[in-house]
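Here's the structure we're looking at; comments come further down.
The values are calculated or read from the model by the stated rules, or taken from the named source; none is laboratory data. Computed from a prediction, not measured in an experiment: that's the story for all the values here. Using ideal geometry, Cβ is built from the backbone for each residue, glycine included, and neighbour counts are taken over all protein chains shown. For accessibility, only protein heavy atoms count, side chains too; no ligands or nucleic acids. Shrake-Rupley method; radii C 1.70, N 1.55, O 1.52, S 1.80 Å.
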Amino acid sequence: MTGVGDRAPVGRRRRHAVRVPFTTRVGRWSANHPWLAITAWLCFVVASVFGGSLVGTVKATTQDSLHGELARADRIEQAGAFPDAPPVESVLITARTGGLDLPRAQAVAADLSARLRAVPEVARVGDPVTSPSRDAVLIEVELTGVAKDADARVGPLLETTGQAQQRHPDLRVEQVGSASLSKALTETLAADFVKAELISVPVALVILLFSFGALIAAGVPVVLALSAVAGAMGLAQFASHIFPAGELVSSIILLIGLAVGVDYSLFYLRREREERARGRDHRSAVEIAAATSGHAVLVSGIAVMVAMASLFLVGDTAFSSMATGSILVVGVAVIGSLTVLPAILVILGRWVDRPRVPFLGRRIQRAARSRFWAVVLRPALRAPLATFVLSVGVLVVVAVAALEMNLKRPTSTDLPRSIPILRTYDRLAQAFPGNDLGTSHVVAIRTDAAGGPAVEREIAELASRIEGDGRFAQGRPPTVRRSADGTVFLATVRVTGASDSSEATLSLRRLRDELLPQTVGTVPDTEWAVAGRTASDADFRDRMAAALPPVVAFVFGMTFLVMLVTFRSVVVALTSILLNTISVAASYGLLVLVFQHTWAEGLLGFTSNGAVVSWLPLMLFVILFGLSMVYHVFVVSRIREAVQRGVPTRQAIEQGIVSSASTVSSAAIIMVAVFCIFATLSIVEFKQLGVGLAAAILIDATIIRAVVLPSLMRLLGEANWWAPRFLTGRRRTDATPRDSDADTQVIMVAGDR
């Protein structure tokens, strides 16, 4: 390496200074002002957390997520100024074993009814009702206030029911309703996420211990990732005032923040350690890591954020809030990796490799080259065509299963019965089959003052037309509510079967396309819309299908541009899109194989409903396309570094992949472990999200990066780096520095001091 005292001429130093990468300049500043960088980071995180808690979170409401006909139905209903339906809870009394002692159950019900009337949050208590089979007694209780915040007021009622259960242990006294069910699910999710946090952090730490062999080196990425998550959580509260926060935004921030935050730090630390092993001094190693791995972190972070930004095209509040949370946490993780991490490494110095873990400490001196991955890579380099065809063929076979994907939004029947209140729900449905009124469509109708009588006649005609149609509930004609001025009507049309059944879907289509246009639609100056669970599910699926093409086009286009600008190669940009698409398709196939069939039910603790959650394919595509770029950018950057040093492409592929394999493996194992933890949560949506992400990352970091990518690059040879002439002229300006460039930068740093 050139000595510090052998300074280049001033003019030459300036010419090189202009070409110093942005990440190097940032890393150099942090290395020269480490305590200032760390203090600024801590102030940023603390300010974000406390500032976010002060401004609070604006949560998305049901109205925020309404679109199309559902939004029109809501506007019509609001125009009618109907009083809000009171939240209703059901208290069920049954026998624990054997037959029910009905007189005793009725006496318990009478006593409990009197106690419930004394609860301030209770507006009315109905008379106890005996089930047709005389094996259950039901008490219906109306709560005060409105339904949207009833879960916050149902606690005293649940406490009173629980006390009755304690007084009568031989009976089963339990409560279920929309408020208590919402409260139970919220508590279950909160407990799940606490478990995920408690497990994911130690798991990541253990993996990093095996990767680094030293406690401090393993702890730095975890601490930095957690601080990035905390900062992003605070910023997300500010952002919720623009994009109201959906239910999943905190989960997405935690999921993605831990994964990318740890991985980015891992890339940086590994490169810094590798440069020290080559004889660099500590500060020089940090600066070279900033120029190389730091550059890869910046590019991959931009790619992830660009991919997540495509969710704004869906036009749905839930997706917009998830996009906002993801972009924030990735952006914060990138900033932390480029600024505070170099500062920490400079302050720690050699202490970053202390204390060494017994039997693992020798990994500190282990060579960067991996013998295992050299063996795995051999077929791709020696027989690239056969390797490419065979590996891609296997992935395509797995992806074919995705053609059978059935989409569905989970209902209460899909929730785990390990939650006690859901078992109560089942017992209530069995004892009082019609208690929940079954599935229904809600037809909202608005007319002028003169059209009211005509609308009433057409609603009666509608009732007569559905008689005899097995898709509609027979013997239960539509119930109608009228506004005070007689211009708005809400007709509830009951349906046979579950809300997601084919009968319910067919009845919705007939109602919208045939029955309503021929009846209510004939009244002049009248508008109508159909809402309800079935309508909501059908419209959501249609919206996802309509959103997919523009989202895919946006992700493809922006990914191409990011990779083109980064590597100055059209071929690298195109192959990036191709390989990521294969990885995502294969993960779709695995998702179908696991969740639409029953063989994994016992393993993952769920009951298959024969479908994939309807929002998951779009969400998985965006997340996976972004996260896959983390590894792709890192690996291709190492290959290009070798090429720029004059290494032949075949040898550069081997050097780049083998030298980065252990780092990519460790990073992928951490991501897969974090995602697998989410597969252990109670709710099926999170199980599917965790399995889908874990499977895709595993495929991407092994088959794609170690088999498909090298075989494809080997086939393309020098064509990998082809680009139009207007790009090739600028190729060296953004390049990762060669060894000689790195030496020059070290000289400049010394001179600047």
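Across F372, F193, the residue with the most accessible area heads the list, and the full order at a 1.4 Å probe is F372, F193.
Hey, got a sec? Which trypsin sites (Lys or Arg not before Pro) in segment 629-724 land in a DSSP loop and have at most 14 other Cβ atoms within 10 Å? Answer in residue order: R645. Here the calculated FRET efficiency for A147 and R423, from their Cβ-Cβ distance with R0 = 25 Å, stands at 0.60, rounded to the nearest 0.05.
Projecting the Cα positions of A85, T663, A504 onto the charge dipole of the chain (unit charges on Cβ atoms of Lys, Arg, Asp and Glu, taken about the Cα centre) puts T663 furthest along the positive direction. With a cut-off of 18 Å on the backbone N, the residues of segment 528-546 near the modelled label site 7 Å out from L506 along Cα-Cβ are 534-535, 538.
With a cut-off of 14 Å between beta carbons, the residues surrounding T144 carry a summed charge of -2, where Lys and Arg count +1 and Asp and Glu -1. Solvent exposure of the chain, expressed per residue, is 41 Å² of accessible area, with all protein chains present and a 1.4 angstrom probe. Atom-type composition of the exposed protein surface of the chain places 62 percent of the accessible area on carbon and sulfur (1.4 angstrom probe).
Distance between the pseudo-spin-label points of R481 and L54 (7 Å out from Cα toward the beta carbon): 4.2 nm.
Straight-distance candidates among the lysines for linking to K687, with alpha-carbon spacing under 19 Å and chain neighbours fewer than 8 residues away dropped: K195, K408.
Projecting the Cα positions of G155, V633, Q644 onto the charge dipole of the chain (unit charges on Cβ atoms of Lys, Arg, Asp and Glu, taken about the Cα centre) puts Q644 furthest along the positive direction. Around A259, under 14 Å between beta carbons, what's the net of Lys plus Arg minus Asp minus Glu among the other residues? Taking every Cβ under 14 Å from that of A259, the sum is -3. Straight-line reach from K148: taking Cα to Cα under 12 Å and skipping same-chain neighbours fewer than 8 places apart, the aspartates and glutamates in range are D84. Placing a label point 7 Å from the Cα of D74 along the Cα-to-Cβ line, the residues of segment 310-325 whose backbone N sits under 12 Å from it are 316-318.
When Cα extents along the principal axes in Å is computed from the coordinates, the matching label among (1) 97, 60, 55; (2) 97, 58, 46; (3) 88, 72, 53 is (2). Tell me which chymotrypsin sites (Phe, Trp or Tyr not before Pro) from segment 579-614 have a DSSP coil assignment and no more than 14 other beta carbons within 10 Å of their own. When the chymotrypsin sites (Phe, Trp or Tyr not before Pro) of segment 579-614 are filtered for loop state and at most 14 Cβ neighbours within 10 Å, W599 remain. Normalising the average separation of contacting C-alpha pairs (under 8 angstrom, six or more residues apart) by the number of residues puts the relative contact order of the chain at 19 percent.
Think of segment 508-585 as a dipole: +1 on every Lys or Arg Cβ, -1 on every Asp or Glu Cβ, centred on the Cα centre; then among M544, A585, M563, M563 lies furthest on the positive end.
Using Cβ point charges alone (K and R +1, D and E -1), the dipole size of the chain about the Cα centre works out to roughly 4400 debye. Here the extension length gained between E404 and R382 equals 4.3 nm, from 0.36 nm per residue of separation less the Cα-Cα distance.
Relative to the Cα centre, what is the charge dipole magnitude of segment 91-172, using +1 at the beta carbon of each Lys and Arg, -1 at the beta carbon of each Asp and Glu, and rounding to the nearest 20 debye? About 120 debye.
The packing ranking of peptides 277-286, 213-222, 250-259, 477-486, highest mean first, is 250-259, 213-222, 277-286, 477-486, where packing means the average number of other beta carbon atoms within 10 angstrom of each residue. Rg/Rh for segment 41-120 (Cα atoms only, Rh after Kirkwood) is 1.28. A simple spin-label model places the labels of A190 and T680 2.2 nm from each other, with each point 7 Å out along Cα-to-Cβ.
Between A449 and H241, the modelled label-to-label distance comes to 4.4 nm, taking each label 7 Å out from Cα in the direction of the beta carbon.
In the chain, the DSSP-assigned H stretches of four residues or longer account for a calculated mean residue ellipticity at 222 nm of -20500 deg cm²/dmol, using -39500 (n - 2.57) per stretch and the full residue count as denominator. First measure r as the distance between the Cβ atoms of A40 and A374, then evaluate 1/(1 + (r/R0)^6) with R0 = 25 Å and state the FRET efficiency to the nearest 0.05. Efficiency for this residue pair is about 0.05. Were the residues from A118 through S464 laid out at 0.36 nm apart, the gain over their Cα-Cα distance would be 120.0 nm.
Across all directions, the shadow cast by the convex hull of segment 500-632 built on its C-alpha atoms averages 12.0 square nanometres.
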